[in-house]
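Working notes for the structure below.
The values are calculated or read from the model by the stated rules, or taken from the named source; none is laboratory data. What you see is a predicted model, and the numbers here were worked out from it, not measured in a lab. Neighbour counts are summed over all protein chains in view; Cβ atoms, including those assigned to glycine, are modelled from backbone coordinates with ideal geometry.
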Amino acid sequence: MMSESIYKRILEHLKSNPGATPREIADILGVSIGMVRVALLRLRESGYVVKSVKGGYFVKSGVRDLSEAGGPGMGAGFQEPGGRDAGLRPPSTRGGVDSSTIRDLLESELSSLRSELTGLREAVNALSERVTKLEEEYNLLMKSLKSERKVRESEPRLSKGVFMRLDEARAREVPVDSLVRSGNCLIIGNYLVAQEFLEEFRRRFPINLRDVRSLTREERELLDAMVGEGLAYLHAGREYRLT
């Protein structure tokens, strides 16, 4: 037999939340939806509540508590737990909901739950497939990044300030052609010059003739190579300028 308090709780919830569905009521009250459906059916047959076309329930106009619905089996004298007479009586099942109706309701609820479970399983499978696909894409991306990093690390480079003769570079098996193609180095005259070293040296122009003595050996050789290649010239016998 269902506890009397479930009817009161449902009515109180519907008074504050008219139009609530059985699912919403069950979630709020923390009871099974099957129990809520059975209770709502009894309340409806006893004249306490009405059902809307959208499936929600409303307390019947004029009903304030269980004793005022006027439906079959209503009356005063229901004793609440603790000995307090609330003047309430739950809906009677006499001539109302029989066991077959309750069984049908429960079977309907079970079918609904099975349908929801099937939907959840399909959603989980879809998410699992999506996660697997994302993992594959992530692994491919990481593999590509690692491969690209290896290529960059394997590219021949000359450190900043490196400057050497071509014959010396080839004797040391420096990959001259690869360095030039990568843009890390330039060939000026008979020298292999690091791009950074050249750019830093170019920023020192114009170079006064008397300041040439203060240049390093590499810088003097680079200056001579630049003049020889027409990249720099001596202006008015006083200073070197870029062309």
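Picking from residues in segment 43-59 that are of a type in the set (D, E, K, R) and surrounded by fewer than 19 Cβ atoms within 10 Å (Cβ to Cβ), the one that is modelled with the lowest pLDDT is 54. Reported count of residues in segment 205-228, each being part of a helix (DSSP H, G or I) and either more than 20 Å from residue 170 (Cα to Cα) or small (Gly, Ala, Ser) (or both), is 15. Among the residues of segment 184-204, those that are closer than 16 Å to residue 165 by Cα and part of a helix (DSSP H, G or I) comprise 195, 197, 198. Within segment 20-49, residues that are in the same structural domain as residue 62 (by TED's automatic domain parsing) and closer than 20 Å to residue 110 by Cβ reach partners that are in a helix (DSSP H, G or I) and of a type in the set (Ser, Thr, Tyr) with beta carbons closer than 7 Å, at six or more positions or on different chains, in the pairs 39/7.
The number of residues in segment 211-222 that are within 58 Å of the chain's Cα centre (by Cα) and touching a residue at least 12 places away in the same chain (Cβ under 8 Å) comes to 3. Of all residues in segment 211-243, those being loosely packed, with under 13 Cβ neighbours inside 10 Å and in contact with an Asp or Glu (Cβ under 9 Å, 6 or more places away or on another chain) number 1.
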